[in-house]
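First the structure, in the form of C-alpha cells, and then the observations on it.
The values are calculated or read from the model by the stated rules, or taken from the named source; none is laboratory data. Here the structure is a predicted model, which is why all the values come from computation and not from measurement. Positions of Cβ are backbone-derived with ideal geometry, glycine not excepted, and every protein chain shown enters the neighbour counts. Only protein heavy atoms, including side chains, enter the accessible area calculation; ligands, DNA and RNA are left aside. Shrake-Rupley method; radii C 1.70, N 1.55, O 1.52, S 1.80 Å.
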Amino acid sequence: MVYDYLIVGSGFFGSICAYELRKANKTVLVIDSRNHIGGNCYTEKRDDINIHVYGPHIFHTSNEKVWLWINQFAKFNNFRLSPVAQYKNELYSLPFSMWTFNKMWGVTTPEQARQVIESQSADINEPTNFEEQAIKLVGLDVYNKLIKGYSTKQWMKDPRELPKEIITRLPVRFTYDSNYFNDKYQGIPEGGYTQIFEKLLDKVEVNLNTDYFKDELPKHRKVIYTGPIDKFFNYKFGELEYKTTKFEHRHIPMENYQGTAVMHFTERDIKQTRIIEHKHFENTKSSSTWVSWEYPTAYKAELTEPFYPVNDKKNNAIFLKYKEEANLIKKDILFGGRLAEYKYYDMHQVIESALNFITKELTQ
C-alpha cells in the first residue's frame, strides 16, 4: 500500500491534518515518536483527576470559528486561569492587575498605579529587550519581585538577552480583573484533552514509538512534518534553541494541596517555576490530589523535549535558513506546527493554522 500522506507528529497540527484528509478520502498514516497521541496537550486520568502531563493547557480564543470547531470534540467548562505568584512567602495576583499593584504599593486607583510605573521606568524610552520592556510595562518593583527571577530560571537566560516580545504576551490591566486571558472563549475540556485527539484520529492509522528518521516506513506520496525543523535537516545550520521543562508528578493524600490550579515561584533560588494542582482545572471532587512540580531544564537537541522557541535574533536567523531549505522541497514534504515553523503558537493559533493549511492543500 502507498499512503497518500505520512504525517509526522500527533499533536494538534498533525491530528487536524489527518482528520481533514481522512474526510477527503485520503489514505493517511500518522506516526509519533512518543508512546501516546496528543503531543504536549496529552492528558492522563489518575484517580479520576485529568493530569496535564506536559503542563497546564487552558484553551482560550476570541476566534468564533476555532471555538465552534473545537467544541465538536469535547464539552468545555468555564475555567478561568487566575494564577498566584509567590515571592518570599508573599502572595501576589497574576496577571498584573490592580490587585498586584495594590499589594505591591498600596495604591487603589489606576492613576496611582500608572504614576508609580512611570516614575520607575522614566529612563527607558524605547525598550530593546525583555528586561526594559517589562520595567516599562509594570515598573521596577514588580519586575524585580515577580518577573526577573522567574524569567531567568524559566528561559535560562539573562532577561536582557531575551527579545522584548516575550513579555508583551502577558496581560497588564489597570482593573481588578484576575482573569489571565482576555479572550471571549475560555475553558478546559471536561474529561481532558486526549479525548479530542482520539476523535480526530478515529479511523486513522497511527503508529506510536516510531521514529521518522530511524524506522522503516511504508511508501507514501507526501509528508506533513510537524517535528523540529533543524532536526529534519540534520542541524546543518546549527541547533535552534527551545525553552524546555521537566515535570515531576506526585500523588498527595490530601484533598487540597495549594488551593489554586497554578502557583508561580518567582524567586531565582527556588528551583521550580510552578506547581500545578490538576483537580482545580475541572473542580474534581476527591479525597486525594495530583500535583506537578515544573522545573526548567537546559535544552539539548534529541535529549530533551523542545517546548517553546527562543525567538531572538540569533535563532530566528538560523530558522530562516532552514525555512529557505524547506521551501525547496515543499512539493513533497510540507512543514507545519510549532516546531516545524519555529513559532510560539497557542492552541487556538495552531488549530487555525492547521485548518488553513489543510484547506489550501486540499484545494490545490
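Structure values in brief
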{"read-out": "Any pair with Cβ under 7 angstrom, 6 or more apart, that starts in the stretch 339-364 at a residue that is free of Cβ contacts under 8 Å to residues at least 24 places away in the same chain and ends at one that is open to solvent by 30 Å² or more (accessible area, probe 1.4 Å) and charged (D, E, K, R)", "value": "Tyr345/Arg338"}
{"read-out": "Residue list for the stretch 71-85, filter: surrounded by fewer than 20 Cβ atoms within 10 Å (Cβ to Cβ) and assigned to a strand (DSSP E or B)", "value": "Phe76, Val84"}
{"read-out": "Residue count for the stretch 86-105, restricted to those that are out of contact with any Ser or Thr (no Cβ under 8 Å at 6 or more places or on another chain) and either of a type in the set (Ser, Thr, Tyr) or surrounded by 15 or more Cβ atoms within 10 Å (Cβ to Cβ) (or both)", "value": "4"}
{"read-out": "Subset of the stretch 74-93 [touching a helix residue (DSSP H, G or I) at 6+ places or on another chain (Cβ under 7 Å) and of a type in the set (A, V, I, L, M, F, W, C)]", "value": "Ala74, Phe79, Ala85"}
{"read-out": "Lone unmet requirement of (1) touching a residue at least 60 places away in the same chain (Cβ under 8 Å); (2) open to solvent by less than 30 Å² (accessible area, probe 1.4 Å) for Val138", "value": "(1)"}
{"read-out": "Pick from the stretch 116-130, criterion under 24 Å from Asn182 (Cβ atoms) and part of a helix (DSSP H, G or I), ranking: most open to solvent (accessible area, probe 1.4 Å)", "value": "Glu118"}
{"read-out": "Hey, Gly192 small (Gly, Ala, Ser) and under 18 Å from the mean Cα position of the chain (by Cα) or not", "value": "yes"}
{"read-out": "Only one of Lys199, Lys203 that is assigned to a helix (DSSP H, G or I) and either open to solvent by less than 10 Å² (accessible area, probe 1.4 Å) or more than 21 Å from Glu90 (Cα to Cα) (or both)", "value": "Lys199"}
{"read-out": "Single match in Thr108, Thr152, Thr168 (criterion: of a type in the set (Ser, Thr, Tyr), assigned to a loop (DSSP other than H, G, I, E, B) and either open to solvent by 50 Å² or more (accessible area, probe 1.4 Å) or touching a residue at least 12 places away in the same chain (Cβ under 8 Å) (or both))", "value": "Thr108"}
{"read-out": "Out of Tyr295, Tyr299, sole residue that is under 25 Å from Phe79 (Cα atoms) and of a type outside the set (Gly, Ala, Ser)", "value": "Tyr295"}
{"read-out": "Test: residue in the stretch 268-281 that is within 22 Å of the chain's Cα centre (by Cα), among the hydrophobic types (A, V, I, L, M, F, W, C) and closer than 17 Å to Gly9 by Cα", "value": "no"}
{"read-out": "Every residue from the stretch 153-186 that is modelled with pLDDT of 95 or more, within 18 Å of the chain's Cα centre (by Cα) and either of a type in the set (Ser, Thr, Tyr) or within 20 Å of Gln272 (Cα to Cα) (or both)", "value": "Tyr185"}
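This table checks each residue for (1) polar (S, T, N, Q); (2) in contact with an Asp or Glu (Cβ under 9 Å, 6 or more places away or on another chain).
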{"position": "Lys314", "(1), (2)": "no, yes"}
{"position": "Glu324", "(1), (2)": "no, no"}
{"position": "Ile333", "(1), (2)": "no, no"}
{"position": "Gly336", "(1), (2)": "no, no"}
{"position": "Tyr342", "(1), (2)": "no, yes"}
{"position": "Gln349", "(1), (2)": "yes, no"}
{"position": "Asn356", "(1), (2)": "yes, no"}
{"position": "Lys360", "(1), (2)": "no, no"}
{"position": "Gln364", "(1), (2)": "yes, no"}
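Here's the yes/no breakdown for (1) farther than 27 Å from Thr304 by Cβ; (2) surrounded by 17 or more Cβ atoms within 10 Å (Cβ to Cβ):
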{"residue": "Leu208", "(1), (2)": "no, no"}
{"residue": "His220", "(1), (2)": "yes, yes"}
{"residue": "Gly227", "(1), (2)": "no, yes"}
{"residue": "Lys243", "(1), (2)": "no, yes"}
{"residue": "Arg250", "(1), (2)": "no, no"}
{"residue": "Ala261", "(1), (2)": "no, yes"}
{"residue": "Thr266", "(1), (2)": "no, yes"}
